[in-house]
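The values are calculated or read from the model by the stated rules, or taken from the named source; none is laboratory data. Everything quoted here is computed from the prediction, not taken from an experiment. Positions of Cβ are generated from backbone atoms using ideal geometry, with glycine treated the same way; all protein chains shown enter the neighbour counts. Accessible surface areas use protein heavy atoms only, side chains included; no ligands, DNA or RNA. Shrake-Rupley method; radii C 1.70, N 1.55, O 1.52, S 1.80 Å.
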Amino acid sequence: MNNTRNIKRFWLVMGTVAAALALYFSFMNNRFVNIDTPLSSAEVVRADTSKTIYTKGGGGAYIRFEDAILNEEEVNKVVDWVNEAPASAKTAVDHIEGSIHMGIALRMKHNTQVMIQYNGKQIYVTKIGRFSKNSRYSLQHQALENYLDQELEGTYYGGNLAKEEQ
């Protein structure tokens, strides 16, 4: 009889612990993908960037992608720019308009990720949490846009696609 009581007590405690852990992880994941939650440079494990390069040659046009890894200083700048943007500079969106000319992928600890994508006109930030929970918003930030434009200089047949389209 006493042994049955101990088994029931054990499973009750284990169930409570499992439920508490599930709630904790769910809360932490939802907190990360909130558009107002700041990023931390210390949480960045790796930062990759990719940009589209348009060139002419051999009677045709060619498109290739140039990948690089951001250094610590660049990562800190990008994270600071995203964090310093006020709530009024962020607008939740469902999808990204146009072709992406440049993207920055911040791979974070705990299997989360932040994607910063730029189509030459608008910056989009997508926070991807654990369990495939994500949020996406457009971001208005002049310093970050200037940085992305500078990185894209010369990538569109020697010019900048964003400037060519205007």
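Shown here is the pair-distance distribution of the stretch 61-166: with all Cα-Cα distances grouped in 10 Å bins from zero up to the longest one, the shares run 13, 46, 33, 7, 0 percent. Surface composition of the chain: carbon plus sulfur atoms contribute 53% of the solvent-accessible area (1.4 Å probe, protein chains only, all chains present). For the chain, the longest principal axis of the Cα atoms and the long axis of helix 2-33 meet at an angle of about 20 degrees. Backbone geometry of the stretch 139-146 corresponds, through the Karplus equation with coefficients 6.51, -1.76 and 1.60 at θ = phi - 60°, to 3J(HN,Hα) couplings of 10, 9, 8, 5, 5, 5, 5, 4 Hz, x marking Gly and Pro. For the chain, the relative contact order is 23 percent, taking Cα pairs closer than 8 Å that sit 6 or more residues apart in sequence and dividing their mean separation by the residue count.
Rounded to 0.05, the FRET efficiency of the Val45 and Trp11 pair, given R0 = 25 Å and the Cβ-Cβ distance, is 0.10. Each peptide among 133-140, 51-58 gets the average number of other Cβ atoms lying within 10 Å of its residues, and from highest to lowest they stand as 133-140, 51-58.
For the listed peptides 75-83, 60-68, a ranking on the average number of other beta carbons within 10 Å per residue, highest first, reads 75-83, 60-68.
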